[in-house]
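Here's the structure we're looking at; comments come further down.
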Amino acid sequence: MGRRSDEGNARRAQPLSGRRARRPEVLDGVDFAAWARLWAELGAGCPPRATYEELLRRYREPHRAYHNGQHLQECLQVRRLINAACHAPAEVDLALWFHDAIYDPLRSDNELRSAQWLDDVARDSGLGDETRRRLYGLIMVTRHDGAPASVDEAVLVDTDLAILGASAARFEEYDRQVRREYRYVPLFVYRRKRRQVLEGFLARGRIYTTAPYFDAFEQQARVNLASAIDRLG
């Protein structure tokens with residue numbers, strides 16, 4: 001079988017298959033050893049273990065139903081499975097660790113505050129200005145309000161959006177999780193706003209910028225989005 005088929009088989013097996021993840025502190029690939037290796041790849045000192053533990057504590061906050069440790073694990077696993085070429089893989093992976101570090105559905109500056117936190121940690125760990133600038137931009141592009149400015153930003157955005165191309169079961173679970181995070185919004189308002197978001201993705205010429213992610217997820221994402229829009233009525 002060809003590479004594309006191998007990637008598809010791996011993706012269907014895991015991570016976006018509908019299996020519920022375990023608690024974030026024991027998720028595969030989100031352990032302290034993986035965290036320390038990532039900083040070593042960047043040539044930086046590993047931040048104190050307390051920083052790692054605080055990050056995981058954030059991902060366990062009770063108001064998170066989707067933007068939690070499961071999402072972090074899935075993003076990191078998708079990165080490994082798809083393995084799309086990028087200029088600075090370790091920077092992309094570190095940005096994934098922090099891209100939802102701060103998450104409050106009542107606020108609109110979550111990406112900004114997440115980027116600022118990573119910038120503080122990166123500076124204290126000895127990363128240079130240019131690296132920190134790129135990391136900041138990687139997190140800010142996950143606002144999904146503009147086109148990625150680099151290959152690395154495109155890979156990060158595509159990874160964040162991989163959930164749209166998950167199995168039907170996992171996508172439906174994701175859809176329910178998002179609703180739980182916005183449970184304070186009246187249902188009729190939520191349906192209208194959610195429909196606008198989903199239709200916005202579906203109207204794009206292509207949802208995924210990079211070829212490996214397009215090949216792996218585009219077709220299923222369009223099926224999932226159309227089904228979700230139908231369910232909203």
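Below are the figures for this structure:
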| item | result |
| --- | --- |
| Matching residues in segment 54-75 - criterion: being surrounded by 21 or more Cβ atoms within 10 Å (Cβ to Cβ) and outside any helix (DSSP H, G or I) | Arg64, His67, Asn68 |
| Scope segment 92-144; condition in a loop (DSSP other than H, G, I, E, B) and closer than 16 Å to Tyr59 by Cβ; matching residues | His99, Asp100, Ala101, Ile102, Tyr103, Asp104, Pro105 |
| Options Tyr184, Tyr208; residue that is buried (at least 18 other Cβ atoms within 10 Å of the Cβ), out of contact with any strand residue (DSSP E or B) (no Cβ under 7 Å at 6 or more places or on another chain) and of a type outside the set (A, V, I, L, M, F, W, C) | Tyr208 |
| Qualifying residue in segment 92-112 (condition: touching a residue at least 24 places away in the same chain (Cβ under 8 Å), farther than 30 Å from Ser17 by Cα and surrounded by fewer than 23 Cβ atoms within 10 Å (Cβ to Cβ)) | yes |
| Matching residues in segment 145-161 - criterion: being modelled with pLDDT of 95 or more, outside any helix (DSSP H, G or I) and not aliphatic (A, V, I, L, M) | Pro148, Ser150 |
| Options Ala216, Ala228: the member that is surrounded by 20 or more Cβ atoms within 10 Å (Cβ to Cβ) and touching a Leu at 6+ places or on another chain (Cβ under 7 Å) | Ala228 |
| Qualifying residue in segment 21-34 (condition: within 26 Å of Ala216 (Cβ to Cβ), at pLDDT below 80 and not in a loop (DSSP other than H, G, I, E, B)) | yes |
| Leu156 vs. criteria of a type in the set (A, V, I, L, M, F, W, C), under 22 Å from Leu56 (Cα atoms) and surrounded by fewer than 15 Cβ atoms within 10 Å (Cβ to Cβ) | no |
| Filter result for Val78 (assigned to a helix (DSSP H, G or I), hydrophobic (A, V, I, L, M, F, W, C), in contact with a Ser or Thr (Cβ under 9 Å, 6 or more places away or on another chain) and closer than 18 Å to Tyr174 by Cβ) | yes |
| Residue that is surrounded by the fewest Cβ atoms within 10 Å (Cβ to Cβ) [pool: residues in segment 26-37 that are out of contact with any helix residue (DSSP H, G or I) (no Cβ under 6 Å at 6 or more places or on another chain) and farther than 30 Å from Arg179 by Cβ] | Ala33 |
| Residue tally, condition in contact (Cβ under 8 Å) with a residue 12 or more places away in the chain and more than 18 Å from the chain's Cα centre (by Cα), over segment 113-144 | 9 |
| Yes/no for Ala166 being surrounded by 23 or more Cβ atoms within 10 Å (Cβ to Cβ), over 17 Å from Leu42 (Cα atoms) and of a type in the set (A, V, I, L, M) | yes |
| Close pairs (7 angstrom Cβ cut-off, 6 or more residues apart or separate chains): more than 11 Å from Asp160 (Cα to Cα) in segment 72-86, charged (D, E, K, R) and modelled with pLDDT of 95 or more anywhere | Cys86/Asp152 |
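The values are calculated or read from the model by the stated rules, or taken from the named source; none is laboratory data. Here the structure is a predicted model, which is why all the values come from computation and not from measurement. Cβ sites come from the backbone with ideal geometry, for glycine too, and all protein chains shown count toward neighbours.
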